[in-house]
Amino acid sequence: MTVEAQKRPVMSDALFTCIYQWVNGHPLEKKDTEAAIARHKDISTSHGALAKRMAELTVEAAPYDWLCDQGYLNTDQEKQRDKRVSLVQEFIDASELKSLLCDSLRINKLFPPEQPAVKRTKLPLSIGSAGFDARQDYAIKGYLPANSLCSIYGPSGSYKSFLAVSWACHIATGKAWAGKRVVSGAVMYVVGEGGVGVPRRVKAWEMAYNNDRPVNSLYLVNRPVFPVRESEVKEVLIAAKQIQAECGQKVELIVFDTLARCFGGSDENDARDMGAFIEGCDVIKRETGATVLVVHHSGKDEAKGARGSSAFRAALDAEFNIKREGDAKALVLTCTKMKDSEEPERHAYDLRTAELFHDEDGELVTSLAVLDRPREVKEVDPALEGVTKLTDNHSSLWQSVRSRTAKGEPCTKTIIRDDLKAMGIDVKNFHRWLDKLEKEGVISLDGEKITPHAKVSD
């Protein structure tokens with residue numbers, strides 16, 4: 001280090017800040033010049049005099065026009081820098097100024113480079129377990145989550161549409177279902193298959209539940225609606241707003257009955273077509289905040305679930321299988337998917353016949369309503385699955401036959417008849433029961449001998 005450099009007084013960061021700002025064409029701030037003067041109070045020194053001069057060039061002290069006239073502003077950048085450097089060099093020599101402006105460590109400390117702004121995503125982000133204790137809202141607690149895509153499916157005649165109507169009526173009236181809380185709101189029910197069946201089911205529900213007033217918050221759309229088409233989705237959104245304006249309640253449930261009738265001629269087995277249907281449903285639930293419930297058919301093999309592309313099931317928040325409980329007026333409700341909570345238990349629900357009116361020929365018109373009282377399912381032996389008009393007596397006869405043969409014991413008409421009598425069953429129709437099980441392919445008769453075998457599928 002030279003002797004001259006050793007003799008130079010130390011310049012404060014405050015004055016250095018003013019010089020750096022000034023030389024690089026930035027306006028001087030009063031707070032910076034006051035800090036420099038406070039550190040260099042002796043104006044007889046070069047640094048003190050320079051601090052005083054810097055204070056005279058602040059935005060508050062020096063008029064804009066004057067700065068322009070002096071060449072400190074609004075001129076060629078190179079000339080402007082030269083003029084500003086020349087002013088500083090009236091107080092400190094060129095070598096000291098050069099040394100100051102080359103001090104990269106000091107510059108980076110006082111003027112850290114700005115970090116590039118991180119572009120903000122529009123995606124909803126959260127961290128880790130944040131929100132783990134958020135309340136889960138439901139259309140029907142434990143069954144239909146709020147603002148979700150759900151489905152009930154089953155074969156024809158499984159009472160699935162009766163269940164959809166029942167859920168719709170409970171939400172439209174705010175009446176608890178099977179002891180579970182429901183959200184009270186309007187319902188839009190797309191009657192894809194048309195006809196008077198749905199209004200009659202609503203009336204049957206009103207009668208079954210002693211409802212004094214009509215279910216006025218349940219609106220039926222009396223034609224299929226196709227979520228695969230953007231124009232149809234817009235109509236649903238318009239209808240939802242109209243319903244809310246008319247009844248004063250937000251639409252909480254939108255039912256499409258059935259998927260097949262509301263698929264618009266597309267192929268249920270095509271993943272792209274199914275994707276378009278799902279996307280339409282997603283837009284509807286996102287824009288309305290409603291739960292979308294799709295009534296669907298099971299495939300040829302019921303064990304493989306609902307028919308069509310597997311993309312549909314993958315998109316669901318909840319899915320339920322519906323089937324009849326034997327030949328009884330009862331359905332069995334089984335949850336086959338519940339995305340974010342525990343699956344509800346499998347139960348049976350009875351249906352009650354409601355006598356609606358007599359038609360012009362004097363014939364009684366009836367319908368059914370699902371009773372929201374869950375009970376244990378009366379299981380049907382797999383060998384008897386599909387047997388029509390199956391009674392408890394048929395089941396008891398079969399159980400006796402199966403039990404005897406499983407133990408390797410003789411199985412004859414007399415033995416089985418005695419078994420049933422021991423159970424307290426009146427056996428006057430015993431031979432009719434045998435004949436039915438033989439015709440259904442459940443047993444074979446060879447004189448007195450009874451041989452069980454699995455029923456052959458159609």
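The values are calculated or read from the model by the stated rules, or taken from the named source; none is laboratory data. Every value quoted in this text rests on a predicted model; they were computed, and no experiment measured them. In this analysis, Cβ positions are derived from the backbone assuming ideal geometry, glycine residues included, and neighbour counts consider all displayed protein chains.
Would you be able to say whether some residue in region 287-305 is modelled with pLDDT of 95 or more, closer than 27 Å to residue 149 by Cβ, within 20 Å of the chain's Cα centre (by Cα) and in a helix (DSSP H, G or I)? Yes, there is a match, as at least one residue in region 287-305 is modelled with pLDDT of 95 or more, closer than 27 Å to residue 149 by Cβ, within 20 Å of the chain's Cα centre (by Cα) and in a helix (DSSP H, G or I).
Examine region 38-54 for a residue that is part of a helix (DSSP H, G or I) and either more than 20 Å from residue 12 (Cβ to Cβ) or of a type in the set (S, T, N, Q) (or both), and state whether such a residue exists. For region 38-54, residues part of a helix (DSSP H, G or I) and either more than 20 Å from residue 12 (Cβ to Cβ) or of a type in the set (S, T, N, Q) (or both): present.
Here residue 138 passes the criteria (1) surrounded by 10 or more Cβ atoms within 10 Å (Cβ to Cβ); (2) more than 30 Å from residue 295 (Cβ to Cβ) except the one numbered (2). Here 158, 184 are screened, and the one residue that is part of a loop (DSSP other than H, G, I, E, B), in contact (Cβ under 8 Å) with a residue 40 or more places away in the chain, under 26 Å from residue 348 (Cα atoms) and in contact with a Gly (Cβ under 9 Å, 6 or more places away or on another chain) is 184. Only one entry of 181, 201 meets the criterion of being of a type outside the set (A, V, I, L, M), in the same structural domain as residue 345 (by TED's automatic domain parsing) and over 23 Å from residue 246 (Cβ atoms), and that entry is 181.
Would region 440-449 turn up any residue that is surrounded by 13 or more Cβ atoms within 10 Å (Cβ to Cβ), over 30 Å from residue 201 (Cβ atoms), among the acidic types (Asp, Glu) and over 40 Å from the mean Cα position of the chain (by Cα)? There is at least one residue in region 440-449 that is surrounded by 13 or more Cβ atoms within 10 Å (Cβ to Cβ), over 30 Å from residue 201 (Cβ atoms), among the acidic types (Asp, Glu) and over 40 Å from the mean Cα position of the chain (by Cα).
Annotation note: of 72, 64, the sole residue that is aromatic (Phe, Trp, Tyr), buried (at least 16 other Cβ atoms within 10 Å of the Cβ) and more than 20 Å from residue 111 (Cα to Cα) is 72.
Looking at region 401-423, can you tell me whether even one residue there is assigned to a loop (DSSP other than H, G, I, E, B), within 47 Å of the chain's Cα centre (by Cα) and without any contact (Cβ under 8 Å) to a residue 60 or more places away in the chain? Spell out how you get there, then give the answer.
First, pick out the residues of region 401-423 that are assigned to a loop (DSSP other than H, G, I, E, B): 407-411, 423.
Next cut, within 47 Å of the chain's Cα centre (by Cα) only: none.
No, the conditions are met nowhere in region 401-423.
Looking across region 365-394 at every residue that is buried (at least 16 other Cβ atoms within 10 Å of the Cβ) and among the small types (Gly, Ala, Ser), the one that is farthest from residue 209 (Cα to Cα) is identified as 383.
Might you check whether a residue that is over 16 Å from residue 27 (Cα atoms) and either part of a loop (DSSP other than H, G, I, E, B) or in contact with a Phe, Trp or Tyr (Cβ under 6 Å, 6 or more places away or on another chain) (or both) occurs anywhere in region 94-105?
Within region 94-105 (the criterion being over 16 Å from residue 27 (Cα atoms) and either part of a loop (DSSP other than H, G, I, E, B) or in contact with a Phe, Trp or Tyr (Cβ under 6 Å, 6 or more places away or on another chain) (or both)), the answer is yes, since at least one residue qualifies.
Across region 10-36, the qualifying residues are those that are β-branched (Val, Ile, Thr) and buried (at least 19 other Cβ atoms within 10 Å of the Cβ), and the one among them that is farthest from residue 110 (Cα to Cα) is 33. Check whether at least one residue in region 113-123 is surrounded by 10 or more Cβ atoms within 10 Å (Cβ to Cβ) and within 30 Å of residue 33 (Cβ to Cβ), and report yes or no. No, that holds for no residue. Checking the structure you have, find out if any residue of region 307-319 is in contact with an Asp or Glu (Cβ under 6 Å, 6 or more places away or on another chain) and surrounded by fewer than 15 Cβ atoms within 10 Å (Cβ to Cβ). Among the residues of region 307-319, not one is in contact with an Asp or Glu (Cβ under 6 Å, 6 or more places away or on another chain) and surrounded by fewer than 15 Cβ atoms within 10 Å (Cβ to Cβ), which makes the answer no. Before we move on, is residue 397 over 22 Å from residue 175 (Cβ atoms), surrounded by 13 or more Cβ atoms within 10 Å (Cβ to Cβ) and modelled with pLDDT of 90 or more? It is true that residue 397 is over 22 Å from residue 175 (Cβ atoms), surrounded by 13 or more Cβ atoms within 10 Å (Cβ to Cβ) and modelled with pLDDT of 90 or more.
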